[in-house]
Amino acid sequence: MKIIDKIKGAFRRMTETTGLNKQFKDVFDIEGVPSYRQFYNYGIFIWKYLYRGFYNAWHLVSAPTVNDAQHKRQMFYLSTPKAACSELAGLLWSEQCKINVNLPNFEPTEDEPCDKLQRFIDSVLCDNNFTVKMQELIEQALALGGAALKVWHEADHDAEGNEIAGTGKIKIGYVMADQFIPTSWTNAEVTEGIFISRIAKNGYYYTRLEWHRWNGDTYVVENDLYKAKEKENGAQESQDILGYRIPLNEIYPFLNEETPIKGLEHSLFSYFRTPIANNVDDNSPLGVSVYANALSTLHAIDICYDSFVREFQLGKKRIIVPARAIRTVADPDTGVLRRYFDANDEVYEALNFDDVEGMKIQDNSVELRVEEHVAALNALLSLLCLQLGFSTNTFTFDAHEGLKTATEVVSENSKTYKTIKNCQNAVEPALYR
């Protein structure tokens, strides 16, 4: 058996070396994918953790105890990144937004009236819950630096897997920045890219890469499927590992590995980014988060808020009781003596002590620094408003209501208004395409 295992091991190493059975760590290991690993790992993924609210490097801090010097605790955090992106997205997009179709070269006829195309567009947007999902996507784009809209036609299939002509609907995919990698672009738009989707099934993670490419005048959509490798001890590898390439029909029997499309003038997706210069990687078309350059301030806000909450935890009323006034009882299970002070005991007990002062119960309460913490948080929030492009006092902290946002009408000469217009100008071309 040992000899057979050695032969199998040698064959496995040989196939991995020649690329016949190569395991990919992530999508950036694949030929043809731009080397954006650093930007995604130390940019987009960190911004996503902060958008979710919890980031290990910040919010898991050392809290040694008597029995465990390596003990850690979770900080209290204010989730400011989520609040800032949600506020700005609500100002950029609302349910009152209307998509109107205006084609200058379109000549209406009896069979093709002018409002027929408008009704068709409205039905597609309604089927895809566009009004609600678009505001969510804009919020996520502000947090991660960009997002993409993808369209496709999803037809019905018969029992044999064949498409039924004249059936199905147009679908819109709302893609976050960490699920899309641009591979080709111009100064005006991203023209080619890779869409990443993952599912978990039967204890494995499956990753589908959908390539959108131009081959001359032909638009080509290719699909690759990868399966994360299972460890020898039965544990599953991290879902972020791409794994080995497997046949597409193992999970997607109705998808073609390659679909050429002729007659298109534009790609079947549109990518938009925040109107902020990318000072993390200036050689890529990717955008940066609206709070990418305010990480230190966001961290300071969470530290200050954590101190504010712990001020009440550590500032609870405490009393100092003489050791001789502590009762001692035996634990009925272990027999170990336990000490306790019964605050409800009303029985008189004679104690023979000469030091009367030493028998006094003393109040050791501390004064809470509420106003100081609130002032510090408001100072940091004012700095954050400046860094995010909001007007002063857009965000404030109140001791009773917590984090608050300004409710007054945004004037046209305010800093917030200028930020809103810049973001709308970035989103509009993607919607038009």
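The values are calculated or read from the model by the stated rules, or taken from the named source; none is laboratory data. Worth saying up front: this structure is predicted, and the values here are computed from it rather than measured. Every residue, glycine among them, receives a Cβ derived from its backbone with ideal geometry; neighbour counts consider all protein chains shown. The area values use the complete protein model at the heavy-atom level, side chains included, leaving out ligands, DNA and RNA. Shrake-Rupley method; radii C 1.70, N 1.55, O 1.52, S 1.80 Å.
Observations, loosely collected:
- Taking each of 171/227; 72/133; 262/421; 171/415 in turn, the alpha-carbon distance tops 28 angstrom for 72/133; 262/421; 171/415.
- For a label point 7 Å along the Cα-to-beta-carbon line of residue 414, residues of segment 71-92 with backbone N under 14 Å: 87-92
- Computed lengthening from residue 96 to residue 72, 0.36 nm per intervening residue step minus Cα-Cα distance: 3.9 nm
- Placing R0 at 25 angstrom, the Cβ-Cβ distance between residue 217 and residue 165 gives a FRET efficiency of 0.45 after rounding to 0.05.
- Maximal additional length on extending the residue 311-residue 23 stretch stands at 98.6 nm, based on 0.36 nm per residue less the C-alpha distance.
- DSSP-loop trypsin sites (Lys or Arg not before Pro) across segment 159-233, with at most 12 other Cβ within 10 angstrom: 231
- Extension reserve of the residue 152-residue 277 stretch, reckoned as 0.36 nm per residue once the Cα distance is removed: 41.9 nm
- Gyration tensor (alpha-carbon) shape descriptor, segment 167-296, a/c threshold 1.5: oblate
- Solvent-accessible surface of protein heavy atoms, probed at 1.4 angstrom with all chains present, puts 244, 40 in the order 244, 40, largest first.
- Net charge dipole size for segment 121-263 [Lys, Arg +1 and Asp, Glu -1 on Cβ; Debye, nearest 20]: 260
- Spacing of the modelled spin labels on residue 185 and residue 256, each 7 Å from Cα toward Cβ, amounts to 2.9 nm.
- Per-residue Karplus couplings for segment 215-222, computed as 6.51 cos²θ - 1.76 cosθ + 1.60 with θ equal to phi - 60°, are listed in order as 10, x, 8, 9, 8, 10, 10, 10 Hz, Gly and Pro entered as x.
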